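Contents: one structure, followed by commentary.
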Amino acid sequence: MKMETTRYEIRSPRLPSAFDGFTIAHITDLHNREFGARLIERIEAVRPDIIAVTGDTVHRENESGAAEKCLRAAAAIAPVYFVAGNHESVLKSYAAFRQTLTDMGVRVLSDRYETLTRGDDCIAVLGMRDPAFFAGGKAEFCATLENKRDEIVAAGIPYTVLLSHRPELFEKYAALGIDVTLCGHAHGGHVRLPFIGAFYAPNQGLFPKYTEGLHTKEGMTMAIGKGLGKSSWVPRIFNPPELAVEVLRCAQGA
């Protein structure tokens, strides 16, 4: 199936001017699928400032070779920021996989943020593990996210990019004032019906609301990548694999 590259511009008056045009290549839900040079060539072509990986990079236990090969090549293009999804949460080998990523230079963000600077301006890149990692589930995930948001505010950082696997929590992201959230998990609905759109998404059920593209609420934006792989025997129908590209702009609106 042909791969798509989809470009989104995300506009906000809160973005520092030095970051206008900041470009993010967004990989999500690879599920250890092998794309050879195709995916890496597409990432190179967009000349990203960073590469965001929003979970489910691996699929099942002891199947990470294609994912490691992809992220190693990606790390040679631009800084890679990784967060774990629900598939990583069930792996006995996740700690070893995480260490492998760290050793190859990938920044694994497990409920922490890093500050990016350009001149006197800065933004935060905050990464949250999937709620499946938390004993208290989504409630504990959201409480931890709020604490991290408070740390960023206290540090005087004016703009936050959140990497989080789950799109169904958008209302919480927006309520916390997260400027832009990059998500995956929904696989674009996996099966998309002509004139209707997504048929089903995990944690959202039939005809889900959040499966692809840009969503805005109270000036906050969420960008959902449709993903690259698949997590079941069902083929992707009317839903080609996607490399999402988000370009940040310091202008009014989203």
What 222 nm value per residue comes from the helices of the chain, counting each DSSP H run with n ≥ 4 as -39,500 (n - 2.57) and dividing by all residues, nearest 500 deg cm²/dmol? -7000 deg cm²/dmol
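Taking all protein chains in place and a 1.4 Å probe, what share, in percent, of the accessible surface of the stretch 53-165 do carbon and sulfur account for? Walk me through the intermediate numbers first.
Details: 2180 of 4680 Å².
Carbon and sulfur atoms account for 47 percent of the accessible area of the stretch 53-165.
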Would you work out which of 240, 184, 154 lies farthest towards the positive end of the dipole of the stretch 123-254? Charges go on Cβ: Lys and Arg +1, Asp and Glu -1. 240
If packing is taken as the average number of other Cβ atoms within 10 Å across a peptide's residues, how do 23-31, 42-50, 208-216 rank, most packed first? 23-31, 208-216, 42-50
Place a +1 charge on the Cβ of each Lys and Arg in the stretch 99-190 and a -1 charge on the Cβ of each Asp and Glu, then give the dipole magnitude about the Cα centre in debye, rounded to the nearest 20. 160
Taking amide hydrogens as modeled 1.01 Å from N in the peptide plane, which residues meet the under 5 Å criterion relative to residue 163, leaving out close sequence neighbours? 126, 127, 128, 182
Quick check on my link table: of 92/217; 69/172; 148/230; 148/217; 2/92, which ones sit more than 29 Å apart, alpha carbon to alpha carbon? 92/217; 69/172; 148/230; 2/92
Global form of the stretch 91-215, assessed from the alpha-carbon gyration tensor, a/c cut-off 1.5: prolate
Gaussian network model of the chain, springs between alpha carbon atoms under 10 Å - residue of 124, 73, 37 with greatest fluctuation: 37
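Please give the charge dipole size of the chain, origin at the Cα centre, charges +1 on K and R Cβ atoms and -1 on D and E Cβ atoms. Round to the nearest 20 debye.
Working: 29 positive and 30 negative charges, 110 e Å.
Roughly 520 debye for the chain.
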Taking amide H positions as placed 1.01 Å from N in the peptide plane, with prolines and chain starts having none, which residues 5 or more places from residue 191, or on another chain, fall under 5 Å of its amide H? 199, 200, 237
Counting only heavy atoms of protein chains, what accessible area per residue, in Å², does the chain have with a probe of 1.4 Å? 42
Nonlocal amide H pairs with residue 30, under 5 Å, H built at 1.01 Å: 57, 228, 229
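The values are calculated or read from the model by the stated rules, or taken from the named source; none is laboratory data. The shown structure was predicted, so the numbers you read here are calculated from the model rather than taken from an experiment. Using ideal geometry, Cβ is built from the backbone for each residue, glycine included, and neighbour counts are taken over all protein chains shown. We work out accessible area using only protein heavy atoms, side chains counted, and drop any ligands, DNA or RNA first. Shrake-Rupley method; radii C 1.70, N 1.55, O 1.52, S 1.80 Å.
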